[in-house]
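So the structure is just underneath, and the comments pick up after that.
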Amino acid sequence: MTAEGLSSIQQKKAIATRRLLIEGIAIVVFGIVLMGVIPSLLPAFQLKLLGRFLSLAIVALGVDLIWGYTGLLSLGQGIFFALGGYGLAMHLSLQLPEGQIPSFFSLYGVEKLPFFWYPYYSFPLTLILIVLVPGIVAGILGYVVFRNRIKGVYFSILTQAALLVFFNFFNGQQKLINGTNGLKTDTAELFGQVVGSPRMQWMFYQYTVLALIAVYLLCRWLTSGRFGRLLVAIRDDENRVRFSGYDPTWFKVLVFAVSGAITGIAGALSTIQSGIITPSEMEVAFSIEIVIWVAVGGRATLVGALIGTLLVQYARVTLSAKFPEAWLFFQGFLFLLVVTVLPDGIIGWLTAFVWPKVRSRFGFAPPLMTYPSLETDPEVLAEREQLTKPK
């Protein structure tokens with residue numbers, strides 16, 4: 001390898017190292033601000049609301065992982081969100097004196113606890129099931145779909161159909177999970193403390209921030225390196241990946257299962273901060289909203305998923321309080337704006353238009369779109385001059 005080649009590789013490594021360092025510092029600052037500064041500035045209700053927004057940002061990360069990087073537009077993430085939420089709510093519902101079962105069972109004449117409730121007596125096992133059950137369900141659904149090479153809009157339709165099946169099933173199970181009424185969590189006790197108390201909600205907020213950072217690092221790790229490049233290759237040209245000797249099926253099943261597990265974690269954290277879990281979390285509108293959050297922030301950026309979720313949720317709370325009837329119109333307008341004007345989202349717009357102008361304003365050269373050696377090669381420059389010379 002020539003000296004120029006080695007120098008180019010070293011420059012790329014230096015740039016990558018610098019970017020990782022900047023991102024690491026940003027994550028540390030982000031964590032300190034959210035965990036140390038904001039709780040002292042916000043009242044208990046607003047802190048609880050922010051905690052739920054951050055849990056929804058975890059869902060957006062899972063969607064960005066499969067949609068932004070792998071090209072799988074899922075409209076059924078509400079399934080995995082609800083499975084995670086129900087798992088934790090079932091454990092909290094079982095915090096009763098020995099021999100008793102949740103009171104709603106008596107309304108339907110059920111005297112014995114259903115068999116699938118028993119694992120949720122154990123808190124450590126519940127934490128495992130919150131991740132495992134949504135991940136397994138997502139893996140099974142993904143395998144059934146991907147092994148038949150179903151993709152594109154057909155995949156989106158199938159995930160939405162699965163969502164409707166789960167929604168109707170959960171709605172009709174009054175004797176098993178209290179049906180449309182769902183399971184309440186705010187009045188239950190955990191470790192001797194009422195879940196809805198300010199102290200417990202403060203703790204859950206802290207856990208949500210830690211979970212958000214952990215999930216972000218996991219997604220960044222998955223989308224970096226060879227595995228991340230393979231996901232992008234599947235998104236851009238799956239047939240070429242298949243012809244290269246890879247089987248995209250198992251990679252898509254894996255990343256879809258990981259996304260389901262991430263969404264299950266978010267569902268549990270959201271449930272414990274909102275105070276209730278019902279089948280309404282599996283309504284079609286909610287799963288479509290998640291896609292809007294990611295689109296607004298910018299696909300395949302991860303940071304965009306976080307920003308988009310927080311901005312849209314803040315706008316929803318603000319506008320729905322002042323103009324309750326206008327929020328849905330604003331949400332539709334926002335989606336149309338992103339599709340027509342900002343197809344790459346806020347982060348894409350900042351990267352493509354704003355950041356280059358800021359760099360030029362401070363005298364920095366625009367980033368090179370080719371290899372640096374080509375831009376300084378005398379023969380290339382002479383040939384370019386000949387081609388651009390007016391005849």
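The values are calculated or read from the model by the stated rules, or taken from the named source; none is laboratory data. Only a predicted model underlies this, so the values are computations on that prediction, with no experimental measurement involved. Quick reminder, even Gly has a Cβ in these numbers, built from the backbone with ideal geometry, and neighbours come from all protein chains shown. Accessible surface is based on the protein model in full, side chains and every heavy atom, while ligands, DNA and RNA are left aside. Shrake-Rupley method; radii C 1.70, N 1.55, O 1.52, S 1.80 Å.
When the chain is treated as a Gaussian network with alpha carbon springs shorter than 10 Å, the biggest mean-square fluctuation among Leu319, Leu49, Leu72 belongs to Leu319. Along each principal axis, taking the top coordinate minus the bottom one, the Cα set of segment 113-263 gives 58, 35, 24 Å in descending order.
Between helix 327-340 and the chain there is an angle of about 30 degrees, using the helix long axis and the longest principal axis of the Cα atoms. Over the chain, the fraction of Cα-Cα pairs per 20 Å bin, rounded to whole percents and listed from the shortest bin up, is 24, 52, 20, 4, 0. The solvent-accessible area of Ile140, taken with every protein chain present and a 1.4 Å probe, is close to 100 Å².
Packing-based ranking of 278-287, 99-108, 81-90 yields 81-90, 278-287, 99-108, ordered from highest to lowest mean Cβ neighbour count within 10 Å.
Using the Cα centre as the reference, give the magnitude of the dipole from point charges on the C-beta atoms of the chain (Lys, Arg: +1; Asp, Glu: -1; all else neutral), rounded to the nearest 20 debye.
The dipole of the chain has a size of about 460 debye.
Relative to one another, the C-alpha centroids of segment 23-59 and segment 104-147 are positioned 30 Å apart.
With q set to 0.10, 0.15, 0.17 Å⁻¹, the log10 of I(q)/I(0) for segment 1-160, from the Debye formula over equal scatterers at the Cα positions, is -0.67, -1.09, -1.15. Between the Cα long axis of helix 3-32 and the first principal axis of the chain there is an angle of about 30°, rounded to the nearest 10. When each of the peptides 195-206, 321-332, 289-300 is scored by how many other beta carbons lie within 10 Å of its residues on average, the order from highest to lowest is 289-300, 195-206, 321-332. Take every Cα pair under 8 Å whose residues are at least 6 apart in sequence, average their separation, divide by the length of the chain, and the relative contact order is 29 percent.
When a 1.4 Å probe is rolled over the protein heavy atoms, the share of accessible surface on segment 216-280 that falls to carbon and sulfur comes to 61 percent. Here the Kirkwood formula, the inverse mean of 1/r across different C-alpha pairs, assigns segment 40-130 a hydrodynamic radius of 16.0 Å.
Compactness of segment 105-183 is given as radius of gyration and Dmax, 16.1, 47 Å, from Cα positions. Comparing Leu113, Leu158, Leu254 in a Gaussian network model of the chain, where Cα atoms under 10 Å apart are tied by springs, the biggest mean-square fluctuation is seen for Leu113. With a/c under 1.5 counting as rounded, go ahead and sort segment 219-355 into rounded, prolate or oblate using the C-alpha gyration tensor (a ≥ b ≥ c being the square roots of the eigenvalues; past the cut-off, prolate if a/b is larger than b/c, else oblate). In terms of gyration-tensor shape, oblate.
Share of carbon and sulfur in the accessible area of segment 80-187 stands at 65%, probe radius 1.4 Å. By the scheme Lys and Arg +1, Asp and Glu -1, what is the net charge of all other residues having a beta-carbon under 13 Å from that of Ile177? Local net charge: +1. For the chain, the solvent-accessible area works out to 55 Å² per residue, with a probe of 1.4 Å and every protein chain left in place. Each of Phe116, Val29, Thr17 was placed along the dipole of segment 1-146 (beta-carbon charges, centred on the mean Cα), and the one lying farthest toward the positive end is Thr17. Springs between Cα atoms under 10 Å define the GNM used for the chain, and in it the highest mean-square fluctuation of Ile79, Ile346, Ile15 occurs at Ile15. Secondary-structure-derived ellipticity at 222 nm for the chain, considering helices only, amounts to -22000 deg cm²/dmol, per-run term -39500 (n - 2.57) for DSSP H runs with n ≥ 4. Pairs of Lys residues in the chain, spaced 8 or more positions apart or belonging to different chains, with C-alpha separations under 22 angstrom: 6 in total. Proximity of backbone amide H atoms, modeled 1.01 Å from N, is registered between Ile276 and Thr185 at under 5 Å, excluding neighbours fewer than 5 places apart on the same chain. With axes computed from alpha carbons, what is the tilt in degrees of helix 77-93 against the longest principal axis of the chain, rounded to the nearest 10 within 0 to 90? In the chain, helix 77-93 runs at an angle near 40 degrees to the longest axis.
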